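Here the structure is laid out as structure tokens; the discussion comes afterwards.
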Amino acid sequence: MKWDSMPNDMNVADLIVEFLIQNGIKDIFGYPGGMVIHLINALDKRKDKITNHINYHEQGSSFAACGYSLASRNIGVAYATSGPGATNLITGIANAYFDSIPCLFITGNVNIDESKGNLPIRQKGFQEMDIIPLLKNCTKYATYINDKNEILYELQKSLHIAKNGRCGAVVLDIPMNIFKENIDLSTLRQYEYKITSKKEMDFSEILAILKDSKRPCIIAGMGVNPYKNNFLQLLELLQIPIILSMPNIDLLPTKHPLNFGFLGAYGLRMANFIIHKSDVILSIGSRLDIRQIGAKKENFAPNAKLIRIDIDENEFINKIKENELQIHSDCGDFIDKLAVCLRDSNDFTTRNYMWHKWLKICKEIRQTLKDKDARFETKAINAISKYIPNNAIITTDVGQNQVWVAQCFNIKDKQRILFSSSFGAMGCSLPMAIGAYFGSKDSNISQDSINTKIYCICGDGGFQMNIQELEFIRKEKLPIKIIIINNKSLGMIRHFQEIYFDKNYVATTKDSGYSTPNFKKITKAYGLKYFKIIKKQDIKKHIFSYPKAAIIEVIFDFDTYVFPKLEFNKPNCDQLPPLERKLYQYLLNL
Ligand SMILES: Cc1ncc(C[n+]2csc(CCOP(=O)(O)OP(=O)(O)O)c2C)c(N)n1
């Protein structure tokens, strides 16, 4: 913190705001309440440097913070008042934690003298609630501050924790009386962290394994996403197939010759075949969860030696293969150092020749499977993607809409695709789009970011979960395009009921208790522009380049499907609907 530039009549709330400004945060999201009123006032005093955006539900604020962080690659910040405000914030907090997004959340709490402390009563103060124990399992760090002299220490510490190692959510719970206390800068404790020297990585074993391999591939997880340029340089040297994890689908454009799609339960068949046929898998920055490797570990990459690079050492406790090689490292460090080793090594010129044959096989797999899973839904989503510009951030919700985007979008090289991945929270797409809008403006990453276009793609169910944020879009005149894929059902769950409950639909379709409002009227109520797409010919460029906010309702039949889809107990490349056996065998034998 720069001391000399600080006014000397600050209270704790002012200090928090200065701290955020000094850390490059230009936008913050929240909702008013008595216990954060001093924070709101402090934000107002510094509105020249930081904008306090008021959502219409605290969940909207916490998802907006996630979107802001992902788009700006800085920390996202949201706040809420005590009790119900704080509990409303929790879904977005958990999202930041499970999806490893660096975010700081601030909750207000009752004055210390109104707090029940250790008394065995439920509450003393109005809206009092001890939120910290609730946050234990969904934050990297969460603490209650009852001493004004600890504020700077806790801010510095929580920011450090949120941004370092495996990123995630941190929460500071601050009583109202602490916010308003004046501070003496000279008495504030500061956080000092020890920089531990990084362990030297030994690349000899990796190089030896790679040298012996005939069919290597890389699985690139979300941990690689911030190091896109470094990764592209590594690819220049390695020239082996890249399989992405679903949350990381925007790492490479769809047309990149080494991009063979994403793996897993809903992954592309070509990706799952390539993994099945690989003899070495270098998994960088992916935790290889069940959705990716399947419920039966032995079905995952049966012929491969697995090398795992993960920043979270605890992930190694969950072994995927008995003889896997585990490397505890930051992905950026690993990628750069591997590139140096490869440049220094002569062995890899001949290897590249060997791998060339393997790449040809992978391309043959891609070509053979092309259009095998094409259906109305996939063609429509793909057609829409052609009109989404390169400088776009696309948020998706959770459900079929999300998987269609991952499977069928024609992703361009600068596009970002954001969603709730590990946490899988419906309702994320609209507030995340709002956060991404401001995050892209605040990002120093690219000159283009100022013109970034934001698209929110959601299902008719997920859209209704944070529908109130339309008022935010109207009020702040954000030119966000909201594409509602309206299949008049909770599509993902309806599909499960079709397969596993013999079409006994409960609470997922019109006839079974689920419904949608008239989205055209909703659009009108919020003063936005409405477009409707019923057939493929309605998908027109001018709709997606409309300069202001709009809702684009895309009508699908209610019986929509996400295929391919993993079938339990089958090898991961033998997804539903099953391929013709002759073709399946042909691909296996390649
Ligand atoms: C907050 C939350 N509640 C419930 C679910 C379970 N769930 C996953 S997908 C889905 C259906 C989503 O329906 P819709 O938003 O219409 O999207 P679609 O699958 O039709 O594209 C549900 C209910 C969830 N992921 N998140």
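Annotations for the structure displayed:
- Here the simple spin-label model places points 7 Å from the Cα toward Cβ, and for Asn23 and Ser186 these points are separated by 2.7 nm.
- For the pair Lys441 and Ile317, a Förster radius of 30 Å applied to the C-beta separation gives a FRET efficiency near 0.15, rounded to the nearest 0.05.
- Calculated FRET value between Lys540 and His328, using beta carbons and R₀ = 45 Å, to 0.05: 0.35
- Mean residue ellipticity (222 nm) of the chain, computed from DSSP H runs ≥ 4 via -39,500 (n - 2.57), nearest 500: -10500 deg cm²/dmol
- Dividing the mean sequence gap of close Cα pairs (under 8 Å, 6+ apart) by how many residues region 204-369 holds gives a relative contact order of 26 percent.
- Net charge contributed by nearby residues that have their C-beta within less than 13 Å of Ala86 (K/R +1, D/E -1): -4
- Carbon + sulfur, % of accessible area of the chain - ligands and nucleic acids excluded, 1.4 Å: 51
- Modelled spin-label separation between Lys136 and Ile121, with each label point placed 7 Å from Cα along the Cα-to-Cβ direction: 2.5 nm.
- Cα-centred dipole magnitude for region 44-169, charges only on beta-carbon of K, R (+1) and D, E (-1), debye, nearest 20: 340
- On the beta carbon distance between Asp347 and Met201, with R0 = 22 Å, the FRET formula returns roughly 0.75.
- Cα gyration tensor shape for region 204-369, rounded if a/c is under 1.5, else prolate or oblate: rounded
- Accessible-area rank, largest first, for Thr516, Thr509: Thr516, Thr509, with all protein chains present and a 1.4 angstrom probe.
- The chain: relative contact order in percent, alpha carbon pairs under 8 Å with at least 6 residues between: 14
- The heavy atoms of Leu39 offer some 0 square angstrom of accessible surface to a 1.4 angstrom probe.
- Net lengthening on full extension, Lys49/Asp9 (0.36 nm per residue, minus Cα-Cα): 12.5 nm
- Taking the charge dipole of region 282-384 about its Cα centre, with +1 at Lys and Arg Cβ atoms and -1 at Asp and Glu Cβ atoms, the residue from Asn346, Ser329, Ala301 reaching farthest to the positive side is Ala301.
- Based on C-alpha pairs under 8 angstrom that are at least 6 apart in sequence, region 376-562 has a relative contact order of 23 percent.
- Between Lys565 and Lys214, the distance separating the two model label sites (each 7 Å from Cα on the Cα→Cβ line) works out to 3.7 nm.
- Our note on the geometry: Cα centres of region 377-396 and region 141-210, 38 Å apart.
- A DSSP coil position with no more than 16 other Cβ atoms inside 10 Å describes the following GluC sites (Glu not before Pro) in region 446-523: Glu476.
- Think of a 1.4 Å ball rolled over the protein heavy atoms: region 175-271 then has 46 Å² of accessible area per residue.
- Charging the Cβ of each Asp and Glu at -1 and of each Lys and Arg at +1, and nothing else, the dipole of the chain about its Cα centre rounds to 2440 debye.
- Spin-label zone in region 273-303 - amide nitrogen under 18 Å from a point set 7 Å from the Cα of Lys372 along the C-beta vector: 273-278, 300-302
- Region 63-104 versus region 503-558: alpha-carbon centroid distance in Å: 28
- Furthest towards positive pole of dipole, Gly168, Ser158, Tyr191, structure part region 147-193, Cβ charges: Gly168
- Prolate/oblate/rounded call for the chain, Cα gyration tensor, a/c under 1.5 rounded: oblate
The values are calculated or read from the model by the stated rules, or taken from the named source; none is laboratory data. Just so you know, these numbers come straight off a predicted model, no measurement behind them. Cβ sites come from the backbone with ideal geometry, for glycine too, and all protein chains shown count toward neighbours. Remember, those area values only see protein heavy atoms, side chains included, never the ligands or the DNA or RNA. Shrake-Rupley method; radii C 1.70, N 1.55, O 1.52, S 1.80 Å.
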